[in-house]
Protein chains: 2
Amino acid sequence: MKTSHPPSDRTRVRRGAGNAVYEPALVRAIVDAAYLCHIAFSDAHGAHCIPTACWREGDYLYIHGSNGSRMLKQLMAQDACVTITHLDGLVLARSAFNHTMNYRSVMIYGRFEMVDEAEQRRSLDAFMEHLAPGRNAEVRGGNAKEHAATTVLRIALAEAACKVRSGGPLDDEEDMGIAAWVGELPFTHQRGAPVTDPACAVEAPAYVQQWASKG
Amino acid sequence: MKTSHPPSDRTRVRRGAGNAVYEPALVRAIVDAAYLCHIAFSDAHGAHCIPTACWREGDYLYIHGSNGSRMLKQLMAQDACVTITHLDGLVLARSAFNHTMNYRSVMIYGRFEMVDEAEQRRSLDAFMEHLAPGRNAEVRGGNAKEHAATTVLRIALAEAACKVRSGGPLDDEEDMGIAAWVGELPFTHQRGAPVTDPACAVEAPAYVQQWASKG
Ligand SMILES: Cc1cc2nc3c(=O)[nH]c(=O)nc-3n(C[C@H](O)[C@H](O)[C@H](O)COP(=O)(O)OP(=O)(O)OC[C@H]3O[C@@H](n4cnc5c(N)ncnc54)[C@H](O)[C@@H]3O)c2cc1C
Ligand SMILES: Cc1cc2nc3c(=O)[nH]c(=O)nc-3n(C[C@H](O)[C@H](O)[C@H](O)COP(=O)(O)OP(=O)(O)OC[C@H]3O[C@@H](n4cnc5c(N)ncnc54)[C@H](O)[C@@H]3O)c2cc1C
Ligand code: HEM
Ligand code: HEM
């Protein structure tokens, strides 16, 4: 993977630079923990921020949708910014000002490129495999018409920066005597019990049975 | 609240319009369930997508940060798009193509405005109250220097659209015989056990004790 060192003009974190990380391994880990990214691009109406499913293969982040999508068409014609954020907790400090959040975020800049049809099939299979290992063999795969209506784009994880915060609050020396509870209120990214479709009589495969415990 | 009906040129959902909702009450509910938004804006480097803490009061979404923030400065000078997304589940269908996700998302367009210092204090207090009811009385409030270094912006929840999907998969008639498990794999947005700071000897208040059960 092309390392993000040194950061580009676009990826050099200026505010809170102490929390910046430019490690390719962390970029990958933050992407892999996500099902979803937010993508910024512009058109005649101004800037847009669109939530979209995503997955990683190698050093690329992939997205997909309809050939007719405004977003996908724009993303082939201009640079974009893709952001993934995991909110890990609220950080409660002794002063209001020092309250903050724990998080892992990545911002990726660059131009998306369209993949050809063979790669589209392969990468959508990989997407499914990532979501539900083994499921490709159980469902009807995409047919020619469906694939012809679909666009898959990918962007290199090259021009990317992460910001990460963890741990408890950093209070000012003079506030240490304040008698407030301090610490972290964590968020967990958990899974609920699978909801079987009323019309389904098929036994739950391993990836469904293990869903709720994946945490 | 100024209703979003009829949608503007920017907020009319074109793709998957069946999932579009323009109800102010739903806009508010999606914002209230969030700690975090993603904001798209542009500068000489192109489009940016920045994750930021947010809260709602009345018919406005609020954000805050440093006077020196690139983002906050840009947001006073141009229209932006604020997006909040709650991912509720993976939807597993009988064909690969009909797989989808359940979600609640809102996209808000418009211009942020800066609030004055009195309103800044009031709204940051409201933010804290929203995070941890009663905590304002326990911590040191922001002092003059801290507030002077801080900017609070708000954007009207006026030009906004929601997209919502829930329930099981919608398969094609001809796929109904396929023997794959179908249904929803839900995500839950839960809280973990509070982590008390090692230097803290204060008993946990109600909002900390009840954190993990809030779900
Ligand atoms: C959960 C969460 C909550 C946050 N809440 C707030 C808040 O309430 N107020 C606030 O001011 N800031 C908040 N931040 C930080 C925010 O994301 C920005 O880092 C900050 O606002 C500075 O923005 P800027 O455009 O001025 O950044 P600059 O530092 O000028 O950005 C320069 C470059 O650094 C990189 N970069 C900046 N931010 C990030 C990031 N978060 N992740 C990865 N790369 C990044 C990008 O490449 C960006 O183009 C929050 C971040 C997270 C993850
Ligand atoms: C969790 C999640 C995953 C998604 N995954 C995908 C995916 O993999 N592929 C895909 O094509 N789409 C996906 N979507 C839908 C995506 O957010 C867009 O709605 C879609 O891509 C069409 O984008 P567009 O710019 O072409 O939309 P248009 O329909 O042209 O957008 C017009 C206007 O409709 C409103 N709008 C559009 N989308 C939303 C939204 N999500 N929430 C609120 N208002 C909206 C905005 O005001 C927007 O400017 C996903 C959405 C969510 C919430
Ligand atoms: C053969 C495989 C697949 C193909 C060809 C395909 C194709 C498409 C197309 C064309 C759209 C755009 C719909 C529109 O804008 O009108 C879309 C949307 C979407 N797809 Fe897929 N897809 C595939 C598999 C998957 C899988 C496995 C998932 C996993 C969850 C998924 C999740 C989504 C989501 C969330 C949307 C957005 C729907 C919305 O706006 O509500 N897709 N897909
Ligand atoms: C008196 C109240 C507060 C004031 C004056 C204030 C002020 C600020 C300022 C000036 C920044 C920008 C830091 C920088 O860019 O250098 C900031 C960042 C931030 N604030 Fe606040 N804040 C207050 C309360 C809170 C509260 C209650 C929270 C709740 C969690 C919070 C969460 C955050 C977060 C998450 C950031 C981003 C930090 C980062 O980039 O890692 N703030 N705040």
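Only the coordinates and a few stated rules stand behind these numbers; no lab work does. Since the structure is predicted, the reported quantities are computational estimates derived from the model, not experimental observations. Counting neighbours? That spans all protein chains shown, and the Cβs are built from the backbone with ideal geometry, glycine included.
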Note to self: Sequence gap at least 6, Cα distance under 8 Å: using those rules, report the relative contact order of chain B to the nearest whole percent.
What the structure shows: 26
Checklist line | Linear extension gain, A:Glu203 paired with A:Ala44, 0.36 nm per residue minus alpha-carbon span | finding: 52.2 nm
Item checked: ³J(HN,Hα), Karplus 6.51/-1.76/1.60, whole Hz, each residue of the range A:68-76, x for Gly, Pro -> x, 5, 4, 4, 4, 5, 5, 5, 7
Check: Does chain B classify as rounded, prolate or oblate by the C-alpha gyration tensor (a ≥ b ≥ c root eigenvalues; a/c under 1.5 gives rounded; else a/b over b/c gives prolate, otherwise oblate)?
Finding: oblate
Check: Which ordering of B:Arg165, B:Arg12, B:Arg104 is given by a fewest-first count of other beta-carbon atoms within 10 Å?
Finding: B:Arg12, B:Arg165, B:Arg104
Item checked: Within a Gaussian network of chain B (alpha carbon springs, distance under 10 Å), most fluctuating of B:Leu90, B:Leu153, B:Leu61 -> B:Leu90
Notebook entry, point to check: Ranking B:Asp88, B:Asp59 by Cβ neighbours within 10 Å, fewest first, what do you get?
Noted result: B:Asp59, B:Asp88
Note to self: What do you get for the angle between helix A:117-131 and the principal long axis of chain A? Use alpha-carbon atoms, 0 to 90 degrees, nearest ten.
What the structure shows: 50
Item checked: the protein assembly as shown - mean residue ellipticity at 222 nm from DSSP helices (-39,500 (n - 2.57) per run, n ≥ 4, rounded to 500) -> -5000 deg cm²/dmol
Margin query: Cut-off under 14 Å on the C-alpha distance; same-chain residues fewer than 8 positions from A:Lys73 excluded. Which aspartates and glutamates are left, in chain and number order?
Written below: A:Asp43, A:Glu113
Next item on the list: Could you check which residue among B:Gly192, B:Gly141, B:Gly18 shows the biggest mean-square fluctuation in a GNM of chain B with a 10 Å Cα cutoff?
Entry: B:Gly192
Check: Using alpha carbon centroids, what distance separates the range A:122-166 and the range B:128-145, in Å?
Finding: 44
Check: Across peptide B:126-138, what mean number of C-beta atoms from other chains lies inside 10 Å of a residue's C-beta?
Finding: 2
Check: Using a ≥ b ≥ c from the Cα gyration tensor of the range B:33-132 (square roots of the eigenvalues), is it rounded, prolate or oblate, where a/c under 1.5 gives rounded and otherwise the larger of a/b and b/c decides, a/b for prolate?
Finding: oblate
Margin query: Can you tell me which of B:Pro205, B:Pro194, B:Pro51 moves the most in a GNM of chain B? Springs connect C-alpha atoms under 10 Å apart.
Written below: B:Pro194
Check: Which whole-angstrom value gives the distance between the alpha carbon centres of the range A:24-64 and the range B:38-96?
Finding: 14
Next item on the list: Provide a whole-number value for the mean count of partner chain Cβ atoms within 10 Å of the Cβ atoms in peptide A:141-149.
Entry: 2
Notebook entry, point to check: Residues of A:70-80, mean number of Cβ from any other protein chain within 10 Å of their own Cβ, rounded to a whole number?
Noted result: 1
Next item on the list: Would you work out if the protein assembly as shown is rounded, prolate or oblate? Take a ≥ b ≥ c from the square roots of the eigenvalues of the alpha-carbon gyration tensor; rounded if a/c is under 1.5, else prolate when a/b is larger than b/c, oblate otherwise.
Entry: prolate
Check: Which ³J(HN,Hα) values, rounded to whole Hz and listed in residue order, are derived for the range B:82-95 from phi using the Karplus coefficients 6.51, -1.76 and 1.60 in 6.51 cos²θ - 1.76 cosθ + 1.60 with θ = phi - 60°, glycine and proline given as x?
Finding: 10, 10, 10, 10, 10, 8, 9, x, 8, 10, 9, 10, 7, 10
Note to self: With 10 angstrom as the radius, rank B:Asp171, A:Asp9 by how many other C-beta atoms surround their C-beta, starting from the fewest.
What the structure shows: A:Asp9, B:Asp171
